[in-house]
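Colleague: Take a look at this one; I'll ask things after.
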Amino acid sequence: MSVDLGFITRIAPTLAQGLGTTVALAIPAILLSALWAIPVVVGLMARSRLVARITADYVEVVRNTPVLVQMFFIFFGSGVLGFPLSGFTAALLALVLQNGAYVAEIYRGGIRSVAQRQAEAGLALGLTKRKTFAIVVLPQAIRKVVPSLSNQGILIIKDTSLAATVSVAELTFQARLLADRTAAVFEIFFTLALFYLALTAIFAATMRLIERRVRIT
Amino acid sequence: MHLLLASAPLLARGAATTVYLSVVAIFLATALGLVLALAQLYGGILLRIVVEVYLYVVRGVPLLVLLFAMYYALPYAGIALDPLAGGIAVISLYFAAFMTEVFRGAVLSVSAGQWDAGRAIGLTTPRILTDIVFRQALRVAAPPFINTCIMVVKGTSLVSIIGLADLTYVGKAIVERTLAPFEIFGVVALAYLVLCLVLSRLGRLLETRLSYVS
């Protein structure tokens with residue numbers, strides 16, 4: 001077995017196409033998960049027992065079932081219902097539904113970690129409950145959750161590879177096509193792994209920048 | 001309903017494979033994670049670098065890519081693993097990295113004062129580790145450990161992509177023939193849910209047993 005480096009430069013363009021799709025899936029998946037988690041965390045912390053119960057059940061169900069099954073459920077299910085979703089949309093939906101639940105838990109942890117005293121101080125200053133939350137608790141909570149969000153984002157980037165199973169021509173899909181056609185599988189999967197490592201490293205570095213930006217000094 | 005009854009034996013067999021994969025992978029990942037965490041905490045510089053590189057790769061590369069790499073590339077290297085053994089190996093190696101972080105974090109969470117206290121009463125380093133540090137670390141490790149176990153159960157669903165007849169694979173095969181995705185994937189999801197919830201209940205039991213107040 002020998003590794004052909006020249007081959008890597010030849011397969012790189014094909015993989016780069018897949019990279020574009022992976023990025024096009026990962027960015028909305030991360031942003032929408034972060035957004036969708038907001039109503040979820042509001043539901044989780046709602047005063048209405050019923051709302052809190054339903055939201056908690058949703059979180060429990062999606063967190064305890066594989067995202068792959070959710071992807072299949074949405075992809076095949078939408079077809080049977082008569083409005084077939086593209087693999088891309090189905091994958092995006094599944095990623096957001098699953099990771100939104102995880103991110104909501106991260107938000108909740110962040111909000112709870114802000115000491116009760118901070119909220120009391122806000123109220124003592126004559127701020128309304130809403131204002132206390134918006135300008136005392138929330139800004140501190142956001143700072144605290146950035147590292148956890150970074151970890152979750154990396155998991156989302158990695159999970160975009162599952163879109164290959166619903167025929168989305170992203171990185172892993174392209175690599176598999178190449179592997180079916182050639183015998184240079186080591187080079188292909190080595191390059192593929194490098195692409196993912198680069199993606200996650202760039203994302204982690206960006207999050208570190210944000211973390212430094214919002215840090216309380 | 002009829003469809004579900006007809007599919008039940010197949011799904012049950014798939015579920016058995018999923019349970020088998022999960023149990024073996026959790027066991028192996030835990031064992032390897034413990035060894036790696038210890039290597040990283042107390043090993044030499046070379047060992048620590050090796051573990052760190054391993055953790056870095058697993059943190060950045062999807063499980064599916066590693067499964068494909070095993071499936072496509074290993075035969076070329078002259079290693080013929082059957083999908084079951086290969087799947088177990090890759091999943092165990094992958095989640096061992098998560099387990100390593102769990103155990104390392106737990107050991108590091110035990111305050112340095114505990115070490116000083118151990119030394120002050122004349123305990124040797126191994127005794128401090130086993131009697132003081134690990135005991136407390138176990139309590140910290142229990143919740144994230146259970147979370148990682150649940151990730152393993154969910155992660156085993158990826159073996160369906162390399163052709164292993166686990167729960168997800170069987171479910172998808174039935175759906176492709178019957179066009180009843182809601183019923184079948186609903187049952188499949190329910191089965192995973194039950195598996196994971198059983199794990200969390202066991203975890204909570206473990207936590208109560210480990211807690212100071214009994």
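Colleague: Averaged over peptide B:68-77, how many Cβ atoms belonging to another chain are found within 10 Å of each residue's Cβ? Walk me through the numbers on the way to the answer.
Modeller: Working: counts 10, 9, 1, 4, 10, 9, 2, 1, 5, 3.
Mean partner-chain Cβ count within 10 Å for B:68-77: 5.
Colleague: Leaving ligands, DNA and RNA out of it, report the carbon-plus-sulfur percent of the accessible area of segment A:1-101 at a 1.4 Å probe. Please report the intermediate quantities before stating the final value.
Modeller: Numbers: 3570 of 4990 Å².
Here carbon and sulfur together make up 72 percent of the probe-accessible area.
Colleague: Accessible area of chain B with a 1.4 Å probe: how many percent of it is carbon plus sulfur? Let's see the in-between values first.
Modeller: Numbers: 7600 of 10620 Å².
Within chain B, the accessible surface is 72 percent carbon and sulfur.
Colleague: With charges set only on the Cβ (+1 for Lys and Arg, -1 for Asp and Glu), what does the dipole of segment A:141-191 come to about its Cα centre, in debye to the nearest 20?
Modeller: Details: 5 positive and 4 negative charges, 60 e Å.
That gives segment A:141-191 a dipole magnitude of about 280 debye.
Colleague: Right, something else. Using a basic spin-label model with each label point 7 Å from the Cα along Cα→Cβ, how many nm lie between A:Leu209 and B:Ala80?
Modeller: In this crude spin-label approximation the distance works out to 5.1 nm.
Colleague: Which distance in nm do the two modelled labels at B:Ala120 and A:Ala12 give, with both placed 7 Å along the Cα-to-Cβ direction?
Modeller: Taking the two extended label points, one gets 6.0 nm.
Colleague: Per residue, how much accessible surface does chain A expose to a 1.4 Å probe? Answer in Å², no decimals. Before the final figure, lay out each step's value.
Modeller: Details: 11140 Å² over 217 residues.
Heavy-atom accessible area per residue stands at 51 Å².
Colleague: Over all alpha-carbon pairs in the protein assembly as shown, figure out the percentage whose distance exceeds 30 Å.
Modeller: Working: 45234 of 92665 pairs.
Considering the protein assembly as shown, 49 percent of its Cα-Cα pairs are separated by more than 30 Å.
Colleague: Counting only Cα, what are the radius of gyration and maximum Cα-Cα distance Dmax of segment A:143-189, in Å?
Modeller: 14.9, 48
Colleague: Then there is this: Subtracting the Cα-Cα distance from 0.36 nm times the residue separation, let me have the gained length for B:Tyr56 to B:Leu41 in nm, one decimal. Spell out each step's value before the answer.
Modeller: Details: separation 15, 0.36 × 15 = 5.40 nm, distance 1.61 nm.
The B:Tyr56-B:Leu41 span can extend by a further 3.8 nm.
Colleague: Please enumerate, by chain and number, the aspartates and glutamates with C-alpha under 19 Å from the C-alpha of A:Lys144, excluding those fewer than 8 residues away in the same chain.
Modeller: Those aspartates and glutamates meeting the cut-off are A:Glu105, A:Glu211.
Colleague: Would you please state the base-10 log of I(q)/I(0) at q = 0.20 1/Å for segment A:63-205, with intensities from the Debye formula using one equal scatterer on every alpha carbon?
Modeller: The computed values of log10 I(q)/I(0) come out as -1.14.
Colleague: May I pose another question? Over chain B, average the accessible area per residue using a 1.4 Å probe and give it in Å², no decimals.
Modeller: Values: 10620 Å² over 214 residues.
The answer is 50 Å² per residue.
Colleague: If the cut-off is a Cα-Cα distance under 17 Å, which aspartates and glutamates reach B:Lys172, setting aside same-chain residues fewer than 8 apart in sequence?
Modeller: Once the sequence-local aspartates and glutamates are set aside, what remains near B:Lys172 is B:Glu183.
Colleague: Ignoring ligands, DNA and RNA and using a 1.4 Å probe, state the total buried accessible area between A and B in Å², rounded to the nearest 100.
Modeller: On the way: alone 12830 and 12290 Å², together 21760 Å².
The buried area between A and B, both sides summed, comes to about 3400 Å².
The values are calculated or read from the model by the stated rules, or taken from the named source; none is laboratory data. Note that this is a predicted model, so its numbers are computed, not measured. Every residue, glycine among them, receives a Cβ derived from its backbone with ideal geometry; neighbour counts consider all protein chains shown. For accessibility, only protein heavy atoms count, side chains too; no ligands or nucleic acids. Shrake-Rupley method; radii C 1.70, N 1.55, O 1.52, S 1.80 Å.
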